[in-house]
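The values are calculated or read from the model by the stated rules, or taken from the named source; none is laboratory data. The shown structure was predicted, so the numbers you read here are calculated from the model rather than taken from an experiment. Note: ideal-geometry Cβ built from the backbone for every residue, glycine included; neighbour counts use all protein chains shown. For accessibility, only protein heavy atoms count, side chains too; no ligands or nucleic acids. Shrake-Rupley method; radii C 1.70, N 1.55, O 1.52, S 1.80 Å.
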Amino acid sequence: MATVKASSIIKLVRDHDPENPRDQENRGVMVCAHRRYRLGDSDGAAQALEVIHKYLSDRQLDEIDFDANHVPDVERALEMTGQAIMLPLYLYDHSGITMRTVPFGCPWDSGKVGFIFISKENARSEFGWKLLSKARIDKLQSYLEGEVEDYNHYLTGDMWGFQVIEDNDVINSCWGFFGDDPIANGMLDHLNSQHREMVRAGNYQRSYA
């Protein structure tokens, strides 16, 4: 069995050039609007409009004075279809930005910026479900909340990687982990058994540089 050298050092390093999780494959679709920031999915509104126009007539949209370029109108119309699981998105903007699915307490520096959704049709197709029970809807909402949490890690710069160093050489590294808890963020899956035990024992360094 391979042994860990006495000189082994594990460093947790802040990832200063992380990949935007919204550029990866996601179950949810984020629709956002902000006067200063580009947030969410670039095609989010278009995906929402596909669902809206599939289930609502032009007459129904005219009755609510629907504006396809106004995110609150898109959210309202999508909710009217009854064909999506949805959660609101709120942004706090003060010395950086942070996002979550419940309102912030500050009325001046925070507000609603959009919503995240998964269409019921896509949910049934992906999971092989015929019916969406309350338990299944709760599960889908948990998935959406998880995506928002990941995106918030990205927005706040709370993205990390690790380096395993032996004899001044980096022998293993990986990046793109959400949050700085190496036990919770999945880093252990990328370490051998000896290095995992080092991390579990707290025998690692943390670098913010």
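Electrostatic bookkeeping for residue 104 treats Lys and Arg as +1 and Asp and Glu as -1; over the other residues with beta carbon under 11 Å from its beta carbon, the sum is 0. Entry note, the chain: the mean residue ellipticity at 222 nm calculated from DSSP H runs of n ≥ 4, each adding -39500 (n - 2.57), is -9500 deg cm²/dmol after division by the residues and rounding to the nearest 500. Calculate I(q)/I(0) for segment 1-148 by the Debye formula, one identical point scatterer on each C-alpha and no solvent, and give its log10 at q = 0.09, 0.12, 0.14 Å⁻¹ to two decimals. Results for segment 1-148 at q = 0.09, 0.12, 0.14 Å⁻¹ read -0.38, -0.60, -0.76. Computed on protein heavy atoms with a 1.4 Å probe, the accessible areas place 108, 175, 129 in the order 108, 175, 129, largest first.
Each other residue within a Cβ distance under 13 Å of residue 127 adds +1 if Lys or Arg and -1 if Asp or Glu, for a net charge of +4.
Computed packing ranks the peptides 76-83, 194-201 as 76-83, 194-201, most packed first, by mean other Cβ atoms within 10 Å.
Peptides 12-21, 145-154 ranked from most to least packed give 145-154, 12-21, packing being the mean of other C-beta atoms within 10 angstrom over each peptide's residues.
Distance between the C-alpha centres of segment 114-142 and segment 18-85: 16 Å, rounded to the whole angstrom. Computed from the Kirkwood radius of its Cα pairs, the Stokes-Einstein diffusion coefficient for segment 99-209 at 20 °C and 1.002 mPa s stands at 124 µm²/s. The simple spin-label model puts a point 7 Å past each Cα toward its Cβ; for residue 201 and residue 49 those points are separated by 5.9 nm. Legend: residue pairs 11/139; 11/112; 54/139, Cα-Cα distance threshold 31 Å; pairs beyond threshold, 11/139; 11/112.
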